[in-house]
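The values are calculated or read from the model by the stated rules, or taken from the named source; none is laboratory data. Because the structure is a prediction, the values reported are computed rather than measured. Cβ coordinates were reconstructed from backbone atoms using ideal geometry, including for glycine residues, and neighbour counts include every protein chain displayed.
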Amino acid sequence: MATGKKGSILDDSRLSITDNDFRQLRQFIYDHTGIALSEHKRALVCSRLSRRLRHHGLQHYSDYYVLLVELDPEGKELIAMINAITTNKTEFFREQHHFHYLRDEILPPYRKNPNREKPFRLWSAASSSGEEAYSLAMTALDAMPSFSAGGLNILATDIDTDMLSRAANGVYSLAHATHIPEALLHRYFLKGQGAHAGEVMAKPLLKSLVHFRRLNLIDKPWPMQNKFDVIFCRNVLIYFDKPTQLDLFQRMAEALKPGGYLMLGHSEAIHGMNNLFRPSGHSIYQLRGKP
């Protein structure tokens with residue numbers, strides 16, 4: 001393997017990728033993440049992985065592929081590669097109709113059911129830096145304050161360990177928090193002072209309801225033992241091919257309680273699964289079966 005000095009700064013213009021290099025890396029990424037990269041994603045792969053080449057002082061993508069396949073027995077570079085290649089775009093209360101549906105349609109029957117199963121379980125299956133999970137917690141707490149007594153459990157998973165660390169810290173810029181309604185911002189966040197001016201941090205109550213864990217969605221089996229009332233899996237399935245999507249729909253159906261709900265991104269839809277799910281609104285699907 002031809003390497004440069006580790007940590008040296010290499011000119012990105014020298015980091016060109018051959019057809020074979022891209023084919024090998026694309027297959028490696030697919031095998032380990034399920035992400036299906038088309039030819040027009042070549043520039044994106046080059047841009048994001050060039051940082052990993054510079055980190056290791058490598059001048060060729062073929063050398064980086066060898067590093068991943070042969071010289072990474074503990075999988076540390078695999079994790080770093082996945083963190084580099086994944087897309088993380090999120091915001092608080094993104095696609096608000098899902099949170100309104102949770103508040104207005106899903107939680108009221110649960111609240112009125114004297115025999116309801118506790119806790120109410122939510123899964124943010126592609127949580128990124130945590131905004132979705134904390135938005136779920138705020139929505140549920142606002143609808144049912146009693147959830148703070150242990151009736152709510154939110155699992156937030158992502159494949160990107162860097163994002164999970166940021167999410168667990170629960171610290172965001174004030175500019176990033178502009179999507180949080182003012183009343184909820186005051187109720188559930190602390191405003192930073194001094195060196196942390198211009199930032200907000202989730203209060204302990206909010207953080208106590210969300211459990212962040214690393215999870216690769218294509219791993220089998222999933223480690224969760226208990227079923228969920230609602231799964232948010234938004235704007236991640238678009239990165240998978242059709243067979244992977246169908247497999248995940250089947251497994252999510254198995255992870256839901258009867259009558260549970262699956263929320264997808266605005267550009268995602270369930271096809272060929274009418275025997276499992278019924279549409280309940282825009283990108284909202286309910287598992288068939290008695291709730």
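Spot the failing condition for ALA36; the list is (1) closer than 30 Å to ALA175 by Cα; (2) surrounded by 16 or more Cβ atoms within 10 Å (Cβ to Cβ), and only one is missed.
The failed condition is (1).
Does region 151-203 hold any residues that are of a type in the set (Val, Ile, Thr) and either in contact with a Gly (Cβ under 7 Å, 6 or more places away or on another chain) or assigned to a helix (DSSP H, G or I) (or both), and which are they?
Hits for region 151-203 are THR161, THR178, VAL200.
Within the bounds of region 145-156, is there any residue that is modelled with pLDDT of 95 or more and surrounded by fewer than 16 Cβ atoms within 10 Å (Cβ to Cβ)?
The answer is no; no qualifying residue exists.
State whether one or more residues within region 236-254 are in contact (Cβ under 8 Å) with a residue 12 or more places away in the chain, among the β-branched types (Val, Ile, Thr), in a loop (DSSP other than H, G, I, E, B) and closer than 26 Å to PHE93 by Cβ.
Checked region 236-254: at least one residue is in contact (Cβ under 8 Å) with a residue 12 or more places away in the chain, among the β-branched types (Val, Ile, Thr), in a loop (DSSP other than H, G, I, E, B) and closer than 26 Å to PHE93 by Cβ.
Name every residue in region 171-207 that is free of Cβ contacts under 8 Å to residues at least 24 places away in the same chain, touching a strand residue (DSSP E or B) at 6+ places or on another chain (Cβ under 9 Å) and among the hydrophobic types (A, V, I, L, M, F, W, C), in order of residue number.
Residues satisfying the conditions are LEU185, PHE189, LEU190, ALA197.
Tell me yes or no: at least one residue of region 181-196 is within 23 Å of GLY34 (Cβ to Cβ), in contact with an Asp or Glu (Cβ under 6 Å, 6 or more places away or on another chain), buried (at least 16 other Cβ atoms within 10 Å of the Cβ) and not acidic (Asp, Glu).
no
Every residue, every condition in (1) among the polar types (S, T, N, Q); (2) surrounded by fewer than 24 Cβ atoms within 10 Å (Cβ to Cβ); (3) at pLDDT 95 or above, yes or no:
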| position | (1), (2), (3) |
| --- | --- |
| PHE99 | no, yes, yes |
| ARG103 | no, yes, yes |
| ASN115 | yes, yes, no |
| LYS118 | no, yes, no |
| ALA125 | no, no, yes |
| ALA133 | no, no, yes |
| THR139 | yes, yes, yes |
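Having 2 or more residues that are touching a Leu at 6+ places or on another chain (Cβ under 6 Å) and touching a residue at least 60 places away in the same chain (Cβ under 8 Å) is the bar; report the helices (runs of 4 or more DSSP H) wholly within region 49-147 that clear it.
131-143
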